[in-house]
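Participant: My questions will all concern the structure given below.
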Amino acid sequence: MNGEASADVAVSQEKKRVRRRNSNGHPEGDESQQAVILQALLSVRNGDFSVRLPVVWTGLTGRIADTFNEIVAANQQMAEELKRLGQTLGKEWKDRSTS
């Protein structure tokens, strides 16, 4: 195969890769996965601890997704516990103030 033909095959394969969609409807590939990661990070930064990355990703991106999901789940638990603790302390403070 000459250089020009192999370049055409490479471009064709790249177009197919970009057109493929993952289970969330996003194009597959590093750049689209990075966009999903960025969106998830921005959501967490804004206080949304319900966001998770796809568990079907493999390789390094899959390990990043798994680690991210573990960290966000721990933060979600901590936020829920702090909310519960705040409500409990608020009730106790109110009870002491009215006594």
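Read-outs: derived from the displayed coordinates by stated rules, not from any lab. As the structure is a computational prediction, the values presented were derived from the model and not from experiment. Positions of Cβ are generated from backbone atoms using ideal geometry, with glycine treated the same way; all protein chains shown enter the neighbour counts.
Participant: Using Cα pairs under 8 angstrom and six or more residues apart, how large is the relative contact order of region 21-98, in percent?
Facilitator: This gives 20 percent for region 21-98.
Participant: Could you state the orientation-averaged shadow area of the convex hull built on the Cα atoms of region 21-98, in nm² to one decimal?
Facilitator: 6.0
Participant: Report the local net charge at Gly86: Lys and Arg +1, Asp and Glu -1, summed over other residues whose C-beta lies under 14 Å from its C-beta.
Facilitator: +1
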